[in-house]
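Have a look at the structure below, then the notes.
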Amino acid sequence: MRFVLTSALKDLRRRLTDPAALLMWMGLPILIGALLSLIDGGNGPAPKAHLLIVDEDQSLVSRLLIGGSRQGRLAEFLDVEIVTADAGRRKIDHGDASALLTIPKGFEDGVLREQPATLTLVTNPAERILPVIIEEGLKMLVEAAFYVQRLFGQQLREIADSIRSVRGPSSEGVAAVSRAFNDRLRAVQATLFPPVLELEAKAAPKEDQPNFWALFLPGLLLMSLMFTAQGMSLDIWIEKTSGTLRRLLSTPQRVASFLMGKLVASVTIMALAVVVALGLGVVMFGVPMARAPLALVWAAFAGAALFSYLVLIQVLSTSTRGGQFLSSMIVFPLIMIGGSFFPFEVMPAWMARIGRWTPNGLAVAKIKEILFGHPEPGALAVAAVALGVPAAVAFWLAVRRLRGQFAVS
Amino acid sequence: MITVSQLGKRYGDLVAVDGVSFTAEPRSIFGLLGPNGAGKSTTIGCISGLLTPTSGHISVLGHDVVTDSGAARRELGIVPQDLALYEDLNARENLAYWGAAYGLAGDALKRRVLEVLERIGLGDRAREPVKRFSGGMKRRLNFGCGVVHQPKVLLLDEPTVGVDPQSRVRLLELVREEVAAGTCVLYTTHYMEEAQDLCDRIAIIDHGKLLSMGTLDELRRLIGEKDVLRLSGRFDPQAARRALERMDGVEVVSADERTLRLAVEDATRKLAAIFSAIEAAGGELQETSLSQPSLESLFIKLTGRELRE
């Protein structure tokens, strides 16, 4: 045990002589996070979809549709602009809007007289999420229009006809339409007021809504751990090429103690990085303080596992360059798919499913649960076994390889 | 004490060490002399436990290096041929780490580190990173790391390769100091002069086989009082060999179309007769060199080639 600590101290001292490498391991994820934050807008207002509408119908129904898109919840997501057909086409071609909706001539007749009517929506392919919001919003409006037409079709037709007539609506006509609305509502009120189906609305327990940084924090943390683990695992090549590994093998010490020292040094550096990141998270981004210690323990454990995997890759390689190449070929795709570069929330479902079962993805998912969710002890234990058992096997294999061919080849 | 008995080490079809046996005693230096690739470092590797012998037995102070490797390694110190230092640490930290690797701790370790720093002449540079050291300073520190734990058996694998003359002298003094303190030293080298000056007993090794072994005097006696005559030119090897072997006191060590090597009693008196015999055999002489009996001449006699070839 004493030699494990001696070895760990030796490696930490060596690392401190090269602070640039340490800063790169810790700073690169922060830099990437900052860039992503700039792209996304960080904590700014929620993005709005810019919807262009060409109203070729200029009717009561088309105006109702436009008015509906500017009211209620839809108004929170949609920024509606009425344009001509040419101006609308030009803007959408330049990518200046999320979508272009064309209400064709005869749309009102189609709605009121149950004839086919088609709305045309052109979306901006450069945007992924906002056009989907517009499409869903329009579907809701069309569905609402269908039910209004079913209930009040006759009355709406009469209003539309009277508006179009030269004299305008007569007092008798308005009174008749009002009475008809009243009769129809009275007929359905037994069902609607109160409704046959009683809906009890219960608000879900409100969780702390993580902001952008907090959502990215677990992934960025794991990215930092991956870089540290890779850098520290490469040190085994320096030990080999400088002859210190061979010298060590002629001492009475066990190779396992020597490698365990490296693992302890790696985990110490990783823990420092995690403490700094979590501290920033607590102070600046609303990460709950009470959850930080468990997150630190989990991150350190995950870091130890990652180091074990990567050190096995190094000792199975045939040269320093080979080890560097092979580990990079593994680390970078894992970072991409394992929720470090892109959070699982924005990944396609199938990719997120795979990503959550990568070693770093599993670690990211659990840190997220620990920091912002409700971690289940059982699930955490299963994840610990899933990470820890292969890591222990990798460590054992690495020790065997270090004792054998690796040192003397 | 090191006892090596019928040591063999193979790498597939390649035989690196073949049936080597010797014993190195305390308070003495046992030299393994041979050219590069002779099997010296492989022998050291097997003794230090870095390599597993294919056959034979090795014991260090009675501990078998395979079956009782922990105990054997505790008695050993090794100074490898290539530097084995942490260049980003300083001299003191290097010595402390390797001392700890052999079980030293606390005040004993600190005291020993200071002693060794003074002995190897790095006391005033103790806190400087090793990467700033000269080659000679690194060699001395490399030696210091091998003796920091005061081993009873010290393996030195060509410790003076690439060292400036001043550092070499200092290193050889350090080796003698270790021996004076009672250490058993196994010293490999391909520098004949070093082996002659330093070693109490010498084994000559080539192609993995031990060719000859003894004190310097015993080895000299093997070649007798013959001088070594090296002739360069153009020769018919068979004809030259026949002509020379008819002469008294002349032994042909090796012969090819460009070089003849002869062991000759009282060579200066026989030079004229030798030249005539060669000319009569159709040879053409271009260059001649004569040397007194030495390890080099013994090596030539044993292997038919020079040590540095």
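The values are calculated or read from the model by the stated rules, or taken from the named source; none is laboratory data. Everything quoted here is computed from the prediction, not taken from an experiment. Heads up, the Cβs are rebuilt from the backbone with ideal geometry, glycines too, and the neighbour counts pull from every protein chain shown.
Things worth noting here:
- Qualifying residue in segment B:294-301 (condition: surrounded by fewer than 20 Cβ atoms within 10 Å (Cβ to Cβ) and either acidic (Asp, Glu) or over 30 Å from B:THR54 (Cβ atoms) (or both)): yes
One line per residue, one yes/no per condition, for (1) over 14 Å from B:ARG92 (Cα atoms); (2) more than 14 Å from chain A (Cβ to nearest Cβ):
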| site | (1), (2) |
| --- | --- |
| B:LEU109 | no, no |
| B:VAL113 | no, no |
| B:ASP124 | no, yes |
| B:VAL130 | no, no |
| B:GLY135 | yes, yes |
| B:ARG140 | no, yes |
| B:GLY146 | no, no |
| B:LEU154 | yes, no |
| B:PRO159 | yes, no |
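- Among residues of segment A:238-253, those that are of a type in the set (A, V, I, L, M) and more than 7 Å from chain B (Cβ to nearest Cβ), counted: 2
- Output for segment A:341-375, where each listed residue is in a loop (DSSP other than H, G, I, E, B), at pLDDT below 85 and over 12 Å from the mean Cα position of the chain (by Cα): A:GLY373, A:HIS374, A:PRO375
- The criterion of being buried (at least 18 other Cβ atoms within 10 Å of the Cβ), over 19 Å from the mean Cα position of the chain (by Cα), in the same structural domain as A:ILE236 (by TED's automatic domain parsing) and among the hydrophobic types (A, V, I, L, M, F, W, C) holds for A:LEU306.
- Residue selected from segment B:86-103 under the condition of a type in the set (A, V, I, L, M) and touching a Phe, Trp or Tyr at 6+ places or on another chain (Cβ under 9 Å), by the criterion farthest from the other protein chains (Cβ to nearest Cβ): B:ALA91
Table: residues versus (1) more than 14 Å from the chain's Cα centre (by Cα); (2) part of a helix (DSSP H, G or I).
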| position | (1), (2) |
| --- | --- |
| B:VAL15 | yes, no |
| B:VAL20 | yes, no |
| B:GLY31 | no, no |
| B:SER41 | no, yes |
| B:GLN81 | no, no |
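- Qualifying residue in segment B:51-60 (condition: facing chain A (nearest Cβ under 9 Å) and not β-branched (Val, Ile, Thr)): yes
- Complete set of residues in segment A:358-403 that are under 30 Å from A:SER250 (Cβ atoms), surrounded by 14 or more Cβ atoms within 10 Å (Cβ to Cβ) and among the small types (Gly, Ala, Ser): A:ALA391, A:ALA394, A:ALA398
- If you go through segment B:244-297 and keep only what is within 10 Å of B:ASP227 (Cβ to Cβ) and assigned to a strand (DSSP E or B), you end up with B:LEU262, B:ALA263, B:VAL264, B:LEU290, B:SER291.
- Residue match in segment B:110-117 (condition: crowded, with 19+ Cβ neighbours inside 10 Å, among the hydrophobic types (A, V, I, L, M, F, W, C), at pLDDT 90 or above and not in a helix (DSSP H, G or I)): no
- Residues of segment B:188-244 classified as within 16 Å of B:LEU285 (Cα to Cα), surrounded by fewer than 18 Cβ atoms within 10 Å (Cβ to Cβ) and touching a residue at least 24 places away in the same chain (Cβ under 8 Å), total: 5
- The residues of segment A:239-267 that are part of a helix (DSSP H, G or I) and in contact with an Asp or Glu (Cβ under 9 Å, 6 or more places away or on another chain), listed by number, are A:LEU245, A:ARG246, A:LEU248, A:PHE258, A:GLY261, A:LYS262, A:VAL264, A:ALA265, A:SER266.
- Taken as a whole, the structure leaves B:LEU171 outside the set of residues that are crowded, with 20+ Cβ neighbours inside 10 Å, without any contact (Cβ under 8 Å) to a residue 40 or more places away in the chain and over 30 Å from B:LYS9 (Cβ atoms).
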